[in-house]
Each structure stands twice: as structure tokens, then as C-alpha cells.
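Peer 1: If you scroll down you'll find the structure; I have some questions about it.
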Amino acid sequence: MIEQHTNENLKVFHHIDTIRKVLDNSRHHQRIGLVPTMGNLHDGHLHLVKTAQQYCDIVVVSVFVNPTQFGIGEDFESYPRTLQADCEKLAKVGCDMVFAPSVEEMYPSLPTKTHIHVEDIANQLCGQSRPTHFAGVGLIVSKLFNIIQPTVAVFGKKDYQQLTIIKQLVTDLNFPIQIIGAEIIRADDGLALSSRNQYLTAEERIIAPRLYQILQNLKQQLKNADFASYHQLLQQTHDELTNNGFRVDYLQLRNEQLSPVTKTDKKLVILVAAWLGNKARLLDNIEIDL
Ligand code: AMP
């Protein structure tokens, strides 16, 4: 039944029927955790695996570069595909299974006729510049939930909007799955780890950590400010990012549910997407407890 062994413990599957059958034999007595990824794994992904291991008996990592979440002209073709190296990293942290299907296996025909659109949350922030992105995310995550039927699924807070959308999707579609948001893992200089960081040139990589530093400064300022001055502080930070070479896609302050902030909100999030050079669009966020 197992399709490929990279080492004694990690089992790699490429077909839906096969992994379903294997998991069906376990699911009544073991808790299954799912970590959806697009591969090219780094320590941020491995942190999600370790988080899932705390909650589950079997951890499945999906590795699939999902075409439906890429817009026209985006990096679907060039997105790094490194399955062998990914499996080696996963084996080292004691992951149990990898699900790495082909595009044909996941999408026998494209475009699909079923669409998943999570209203309001998906239209804003990244949804403004990537209007089809979250529909593709909602679709692939729903498919993975149906195939793996996990007890728990772990997503990174790095993609805060995505995490919020998945929580809403699970509520709206009654998936019996606990969604866990794992903390952002950063390089020593503060840059949030991302598979797309390799699009940065050496010079850009030196500038990139300023994004997090500038967000941290804003966080401190917001903590000491009154509600009336939030807007001005955001505007100043926007200018500071521009002056440091970032092309800001958005810089927004929201409450925990990603709605506009009101005076009574105590848990806020600063969210940013900013281009550095022509290839790298950096995404980051910081939570604030007032
Ligand atoms: P990706 O492979 O980029 O689609 O990401 C797969 C999962 O890993 C998503 O839930 C991301 O939010 C999460 N992730 C990516 N980078 C990080 C990071 N630096 N820290 C924590 N989670 C991350």
C-alpha cells in the first residue's frame, strides 16, 4: 500500500486512494494531524509539524504546489519544487507521512466547477492584489480535508489572513477539524522565513529584515498611542517603508478577526505586504495585545 519509503519511518504517497485506505485503518484509534504546504520546506514548516505532533499520533504533511491559488503571471511555473530534500527534512523531525500528489491527481479537470469563496475576509488585504488567490486556497484545503480527514490541521500565523479564512471555512462547512495557528518562525535577523525569500538578491536580503524592525517600532508606538492617532502612525510607517526601498502593497491595522479596529478592541494585528525589488513580495504581521 505504501508507495515509497524515504527511510524506515516516513511514508510517501502520491495517490488519493492509497493514502485514504492507509489512514482509514488508523483513524478510529489514532489522531491524525495535517500540515498543508507547497514544499521547499524550511524551519517555519517544520515548526508546524512539531506543533501537530503535540496534538496527534500521525502527522501527514501535504506537499503540493497548487495551481488554482496562483494568478496569471505569478510564479506557479518557477515555484521551487524540492520533494526529495523536503522528505529528508521531514524524516529527521519524525513526520509520519507525506502526501505529494500530481496536479492531474488533485485536479482531473481544470478549471473546477466548484468554487470556495469566503466572503469579506478574502476580498481585502492580499485579496485586493491577488483576487483569485484565496478561492484557490479554500478549494485545495477543502479537498485535502476531505482526502485526509484529519482531527487537527496546523497553519502558520505567517499567513494570518489565510488562517482566518480557513477557520471561517471550517465553521461554515462543518468540517470536524481543530484548526491550530502556529507562531511565525524568523531568521536571526527577524525576517520571517518563506520559500519565496530566495527570490531576494543579496542586497535585498540585507534590507529585508527592516520590514520586521519597522513593524516592531509601529507596535510600540501603537501601544502608547490613543485610538485617534492610529491612522497617522500607520501613514508615517508607510512612508518609512517606502523610504527604505519597500513598495508597500498594503499596511493595515485590524482586529483579531480582520475587521476594522474599534476603540474597544484589545487584540490587534498589523499586517503588511511589501515588494522588495521585482520578484519578492514579503508578507509579515505582528499581533498586539493592548
Ligand atoms: P507554504 O508552503 O508557503 O504554502 O506554507 C505552508 C504553511 O506553512 C502555511 O500554513 C504557512 O503559514 C506556514 N508557514 C510558512 N512560513 C512560515 C513561518 N516562517 N513560520 C510559521 N509558519 C510558516
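Peer 1: Helix 43-55 against the longest principal axis of the chain: what's the angle in degrees, Cα atoms only, rounded to the nearest 10?
Peer 2: 60 degrees
Peer 1: Of H115, H42, which has the most accessible area with a 1.4 Å probe, and how do the rest follow in descending order? Display every interim value, and only then the final one.
Peer 2: Values: H115 135, H42 40 Å².
The residues order as H115, H42, largest area first.
Peer 1: Still on this model: What's the longest uninterrupted piece of the chain once you rule out the GluC sites (Glu not before Pro) that are loop residues per DSSP with at most 11 other Cβ within 10 Å?
Peer 2: 120-290
Peer 1: Please count, across segment 155-290, the pairs of lysine residues with Cα atoms under 25 Å apart that sit 8 or more places apart or on different chains.
Peer 2: 22
Peer 1: Sum -39500 (n - 2.57) across every DSSP H segment of at least 4 residues in the chain, then divide by the residue count to get the 222 nm mean residue ellipticity, nearest 500.
Peer 2: Details: 10 runs with 104 residues, N = 290.
Result for the chain, helices only: -10500 deg cm²/dmol.
Peer 1: What does the charge dipole of segment 139-290 about its Cα centre add up to, to the nearest 20 debye, if the Cβ of each Lys and Arg holds +1 and the Cβ of each Asp and Glu holds -1? Intermediate values should be presented prior to the final figure.
Peer 2: On the way: 17 positive and 16 negative charges, 52 e Å.
Using only the charged Cβ atoms, the result is roughly 240 debye.
Peer 1: In the chain, what percent of the accessible surface is made up of carbon and sulfur (1.4 Å probe, ligands and nucleic acids excluded)? It would help to have the intermediate numbers written out before the result.
Peer 2: Values: 6830 of 14210 Å².
Whole-percent figure for carbon plus sulfur exposure: 48.
Peer 1: By the scheme Lys and Arg +1, Asp and Glu -1, what is the net charge of all other residues having a beta-carbon under 9 Å from that of Q149?
Peer 2: Net charge around Q149: +1.
Peer 1: Kindly report the accessible area of the chain per residue (heavy atoms of protein chains, probe 1.4 Å, no ligands, DNA or RNA), in Å².
Peer 2: 49 Å²
Peer 1: What's the FRET efficiency of S129 with D17 using the Cβ-Cβ distance as r and R₀ = 30 Å, to the nearest 0.05?
Peer 2: Details: r = 38 Å, r/R0 = 1.26.
Step by step, r from the Cβ atoms, then E = 0.20.
Peer 1: Still on this structure, please answer the following. DSSP loop (so not H, G, I, E, B), at most 14 other Cβ within 10 Å: list which trypsin sites (Lys or Arg not before Pro) in segment 210-268 pass both filters.
Peer 2: K263, K266
Peer 1: Which ³J(HN,Hα) values in Hz, rounded to whole numbers, follow from the phi angles of segment 138-155 under the Karplus curve 6.51 cos²θ - 1.76 cosθ + 1.60, where θ = phi - 60° and Gly and Pro get x?
Peer 2: Once θ is set to phi - 60°, the couplings for segment 138-155 become x, 5, 5, 5, 4, 4, 5, 4, 5, 6, 8, 6, x, 7, 9, 10, 10, 10 Hz.
Peer 1: Still on this structure: Provide the FRET efficiency to the nearest 0.05 for the Q232-L110 pair, computing r from the beta carbons and using R0 = 41 Å.
Peer 2: It comes to 0.30.
The values are calculated or read from the model by the stated rules, or taken from the named source; none is laboratory data. This one's a predicted model, so the numbers in the text were calculated from it and none came from an experiment. All Cβ positions, glycine included, derive from the backbone under ideal geometry; neighbour counts span all protein chains shown. Only protein heavy atoms, including side chains, enter the accessible area calculation; ligands, DNA and RNA are left aside. Shrake-Rupley method; radii C 1.70, N 1.55, O 1.52, S 1.80 Å.
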